[in-house]
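Engineer: Got a structure for you, written out below as C-alpha cells; questions coming shortly.
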Ligand code: IMP
Ligand code: MG
C-alpha cells in the first residue's frame, strides 16, 4: 500500500538545485523509494554527500542513501551511459543493487543520439543525448523498451510501489513539452502530475517541493534568453559567482533577473506546497539586488528583496505552506 508521495520539481528552466533538495529529503524522511518519472541523461544532478561532490544524470539520488531507486516507465534510458553511471557510483563505494528500471522505459539508441547531435542540438540547443528522437519513436510506437535490451536485464523491476515515495523531478516547469516555450522545450512531462506515471493516483501526493533560484538561468537556446544577455556585466558577474555552467554540457548558462510573474505561475501550475529558493548567497556576494515584477525593481539590500518575494508569493499562491531561502549547494 502507498502511504504518501512527495515530489520535488523545478519551478524554472532546470538547474534549480533539485538534486540538493532530493538529497536532503532522502537523508531525513525515511523513504522506501526515490524515483525518476521523466527524461533521461539530459538531466544533471549535483549532490554533496559528507562534503564530497557527486554528479549523476539518470540514477535517482536514493542510491546515495541505500534507498530503492527507480527509473520509471516514462523515462528514456541510454544503456551505455547508464552503465557508466553505475560504474562511477560503484567506484565511489555506493551499493548499486538498489537501482531498478521499469521494463517499459524506452531505450535511447546510438541513432537517436546521432540525429540529436547533428540536427536538434544546433537548431534547438538540446543536450544532444538523443532525447527528442527517442520520445518521437516512442510516440510513433516504433521504439524499443528496456525489457528488450539485454544489457539492462539485471536492473529490470516490474513491481508495484509501496510505502513512502519521493519523486525526483528533472528539468523544470518551463521546459515542459506542453507548457514551455515550444519548440525550445524538452520532450517529456516535467510537471508533477507526470509523476503519477510511476503508478500512483494523484490523491497519494502529500508535499510538492518546488525548487527555484534567486535569479533565472537558461542553458540551451531560447528566444526569451537572447545572446545579448551574455554582454550584461551585472548578469555575467552573477553567472561567474554562481558557477552557471551546465552539469551535462559544460555550456555557459544565460542569466536573467528573477521573473516573479513566471515564478508565481510555476508555483500555481505545479501546486507547490514548499518553496525553496536557492543561491541567495550568490546574489548577496554581487551586491546588486534586482527582480523583474512587471518592471525591473532594484532593492537596497538582500533582505528587502527576499521579503518582497516572500510577500508576493504568499499572497499569489494559496497552496504554499513554507518558503525557504537557501544558499549554494554545498552550503544547503
Ligand atoms: P533536450 O532535453 O536535450 O532535448 O534539450 C531541450 C532543452 O532543454 C534544451 O534547451 C536544453 O538545454 C534543456 N534541458 C534539458 N535538460 C536540462 C536540464 O537538466 N537542465 C537544464 N536544461 C535542460
Ligand atoms: Mg540539473
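Engineer: Using the Kirkwood radius over Cα pairs, work out the Stokes-Einstein diffusion coefficient for the stretch 179-258 at 4 °C and 1.567 mPa s, in µm²/s as a whole number.
Structural biologist: So the translational diffusion coefficient is about 87 µm²/s.
Engineer: Next up: Take the Cα pairs of the stretch 50-184, get the Kirkwood Rh, then feed it into Stokes-Einstein at 37 °C and 0.692 mPa s and tell me D in µm²/s.
Structural biologist: Rounded, D is 204 µm²/s.
Engineer: What number, in percent, do you get for the relative contact order of the chain if the mean sequence gap of Cα pairs under 8 Å and at least 6 apart is divided by its residue count?
Structural biologist: It rounds to 22 percent for the chain.
Engineer: Now, a different point. Relative to 2.2 N^0.38 Å, what does the C-alpha radius of gyration of the stretch 5-47 come to as a ratio? Two decimals please.
Structural biologist: 1.16
Engineer: For a footprinting-style exposure proxy, rank 273, 111, 22 by other Cβ within 10 Å, fewest first.
Structural biologist: Exposure proxy ranking, most exposed first: 111, 273, 22.
Engineer: Under 10 Å, Cα contacts only: if you run a Gaussian network model on the chain, which one of 287, 246, 19 comes out with the highest mean-square fluctuation?
Structural biologist: Among 287, 246, 19, the largest mean-square fluctuation in the Gaussian network model of the chain belongs to 287.
Engineer: Shifting gears a bit: For the peptides 193-205, 25-37, what is the packing order when you average, over each peptide's residues, the other Cβ atoms within 10 Å and list the highest mean first?
Structural biologist: Sorting 193-205, 25-37 by mean packing, highest first, produces 25-37, 193-205.
Engineer: Relative contact order (percent) for the stretch 100-247, with alpha-carbon contacts under 8 angstrom and 6 or more residues of separation?
Structural biologist: Value for the stretch 100-247: 20 percent.
Engineer: Mean residue ellipticity at 222 nm from the helices of the chain, using -39,500 (n - 2.57) per DSSP H segment of n ≥ 4 over the full residue count, to the nearest 500 deg cm²/dmol?
Structural biologist: Result for the chain: -7500 deg cm²/dmol, rounded to the nearest 500.
Engineer: Per the Kirkwood treatment, what hydrodynamic radius in Å, one decimal, follows for the stretch 241-330 from the mean inverse distance over all distinct Cα pairs?
Structural biologist: 14.2 Å
Engineer: Which of 80, 64, 299 comes first, and how do the rest follow, when ranked by fewest Cβ neighbours within 10 Å?
Structural biologist: Neighbour counts put them in this order, fewest first: 80, 299, 64.
Engineer: What ranking do 15, 265 get, fewest neighbouring Cβ atoms within 10 angstrom at the top?
Structural biologist: 265, 15
Engineer: Next question, about the same structure. Just for the chain, what percent of DSSP beta bridges are antiparallel, to the closest 5?
Structural biologist: Of the beta bridges lying entirely in the chain, close to 30 percent run antiparallel.
Engineer: Another question, if that's okay. Using only the alpha carbons of the stretch 2-325, what is the convex hull's orientation-averaged projected area in square nanometres?
Structural biologist: 15.8 nm²
Engineer: Looking only at 274, 295, 106, which one moves most when the chain is put into a Gaussian network model with springs between Cα atoms under 10 Å?
Structural biologist: 295
Laboratory data are not the source of any read-out in this text; all were calculated from the coordinates shown. Note that the structure is predicted; figures quoted are calculated from it, not measured. Every residue, glycine among them, receives a Cβ derived from its backbone with ideal geometry; neighbour counts consider all protein chains shown.
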